[in-house]
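The values are calculated or read from the model by the stated rules, or taken from the named source; none is laboratory data. Remember, predicted model here, so these are calculated numbers, not experimental data. Heads up, the Cβs are rebuilt from the backbone with ideal geometry, glycines too, and the neighbour counts pull from every protein chain shown.
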Amino acid sequence: MTSKSKIKANRANARASTGPRTVQGRARAARNALRHTLSLPVCSNPALSEEVETLAREIAGPDANAETQDLARQVAEAQIDLRRVRYARHKLLSDALADPWQEVLRSLLRKNAPNPPVLMALNPTPQGPHKFATILSQQAKQLLAMDRYERRALTKRSRTNSP
Amino acid sequence: MSFVSRKSKNKTKVGTTSVSGQAQRLAQFGPPLLLEGEDAAACDEFLARIRAAVDPVDIIDDMFIADVVSLEWEVLRWRRLKLNLIRTRGLKALESFLAKKLDCDLYYDLYSEHFAADLTKILQDNLPQDEADPAQTLACRCAQAEADAVDKVNEILRSIRRNMGFEGYALDMNQILHRAQAHKAEELVQEYVRGEPDAVTLVHELLSGAGVSMDALVADELQNRDYLDCIERIDRLTTIAENRRNASLREIDRRRVVLGQALRRGVQEIEDAEFKVIQTTPSKRKDAA
């Protein structure tokens, strides 16, 4: 059995190693869930919530009973969620296509590269399909995360929409 | 990358009735998500053709149609990207192959003009203004391999390098020749892409002379790990979009089956109510008989 002193020490150690310590670190961690807001439910956004209601009314029709209305709301919620994920992914790609070096520079700065502008000068800017392919590889992690959100919304929609 | 609408002769007839109602319904699914260089008109046309073919009965049908269109557009995007990527990498490989092949006296005539032009520019940029005019003559004579001109140019280049230090490392006769070869190779590739007969013949000659083909150059490129990763990533994205598009198509099919069954039931009920079973009564004539 674990002794009381050991438990006390474990608790003290755990308290000392939980989460970011600096003000900047805490501020950054606090914004984690808000980075693309896709983890938040659609209904937490009033504007989207209103769109869900409008779409649900359209799906259910005028003389729908409570059960149909509820199902329609679930379909509408999944549909608006899906649209939100696709917009986020589209924004990510179109922003990067408009200014791909911005992200490269940021990643170099993150890696504490000695002289990012010099490194950028040595690597010529990719153009055309290479530019797009470079973006896909730079944003692979983000795109994968968004794909998971899209899959989740699609599953929810098709589950609700089944007879 | 761009998507241009192709005018097909066998187009599905696009319905024009209740356009505002349809537009209102489709607006709920948001505008098409196009990237830089994609043709919005082609996407709209595609959506209109799909809607005309499917003929949606309610908003759920519209939802799946919007899905199919958006996912098919994505499939086309990824396929085109992959094709363009392979094509440009192949042409880049051809360009370096040609540049290497041109590094031979046999083909000097092909790039001697580029060499003279590059040399003239270097001499004009680095010689005093009053000597700039003879620079062109000197470069042309050097390009024609006149010994005294070659010596003089070499001397000038040496002095320029001495003055410029590290930055002047490229001002060497061989470097200038290589640049001219690379320039000519780039030009040849562009002409080859445009299908200019002379360039096509020369490229084919050089390729067959070396015992390689365009496909072999492209395959060599695939050995590059980064490039292969890129192609695989695009293939994955294509597969995901294709699977989701097919799932939406299956949903439309399933809904049509359900709709068909419901319609059949409805028709049957209406027919049952409309027509009563006529009781067979014994015929008088028969009785009489």
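Below, the figures for the structure above:
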quantity	calculated
Helices (runs of 4 or more DSSP H) contained entirely in the range B:12-124, each with at least 1 residues that are modelled with pLDDT of 85 or more and loosely packed, with under 15 Cβ neighbours inside 10 Å	B:40-54, B:59-102
Criterion: under 29 Å from B:L91 (Cα atoms), in contact (Cβ under 8 Å) with a residue 40 or more places away in the chain and either within 11 Å of chain A (Cβ to nearest Cβ) or surrounded by 12 or more Cβ atoms within 10 Å (Cβ to Cβ) (or both) - qualifying residue of B:I252, B:I234	B:I234
Boolean, A:N161 is modelled with pLDDT under 85, in contact with an Asp or Glu (Cβ under 9 Å, 6 or more places away or on another chain) and either within 13 Å of another protein chain (Cβ to nearest Cβ) or buried (at least 18 other Cβ atoms within 10 Å of the Cβ) (or both)	yes
Filter result for A:S107 (modelled with pLDDT of 90 or more and either part of a helix (DSSP H, G or I) or within 14 Å of chain B (Cβ to nearest Cβ) (or both))	no
Single condition A:H130 does not satisfy, out of (1) within 23 Å of the chain's Cα centre (by Cα); (2) modelled with pLDDT under 90	(1)
Pair list, Cβ < 7 Å and 6+ apart or interchain, from the range A:62-73 residues that are over 18 Å from A:R159 (Cβ atoms) to residues that are of a type outside the set (D, E, K, R)	A:A64/A:A72
When residues of the range A:92-104 are limited to those that are away from chain B (no Cβ under 14 Å) and at pLDDT below 60, the one surrounded by the most Cβ atoms within 10 Å (Cβ to Cβ)	A:V104
Only one of B:D220, B:D151, B:D226, B:D215 that is surrounded by fewer than 16 Cβ atoms within 10 Å (Cβ to Cβ), within 14 Å of another protein chain (Cβ to nearest Cβ) and part of a helix (DSSP H, G or I)	B:D226
Number of the condition not met by A:A113 [criteria: (1) modelled with pLDDT under 90; (2) surrounded by 12 or more Cβ atoms within 10 Å (Cβ to Cβ); (3) assigned to a helix (DSSP H, G or I)]	(3)
Tally of residues being among the small types (G, A, S) and either more than 9 Å from every other protein chain (Cβ to nearest Cβ) or surrounded by fewer than 12 Cβ atoms within 10 Å (Cβ to Cβ) (or both) across the range B:237-247	1
Some residue of the range A:23-36 being more than 14 Å from chain B (Cβ to nearest Cβ), assigned to a loop (DSSP other than H, G, I, E, B) and touching a residue at least 40 places away in the same chain (Cβ under 8 Å)	yes
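Each row is one residue, and each column tells you yes or no for (1) under 30 Å from A:D81 (Cα atoms); (2) exposed (fewer than 11 other Cβ atoms within 10 Å of the Cβ); (3) touching a His at 6+ places or on another chain (Cβ under 9 Å).
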site: A:K4; (1), (2), (3): no, yes, no
site: A:A9; (1), (2), (3): no, no, no
site: A:S17; (1), (2), (3): no, yes, no
site: A:A27; (1), (2), (3): yes, yes, no
site: A:R31; (1), (2), (3): yes, yes, no
site: A:S39; (1), (2), (3): yes, no, no
site: A:L48; (1), (2), (3): yes, no, no
site: A:A60; (1), (2), (3): yes, no, no
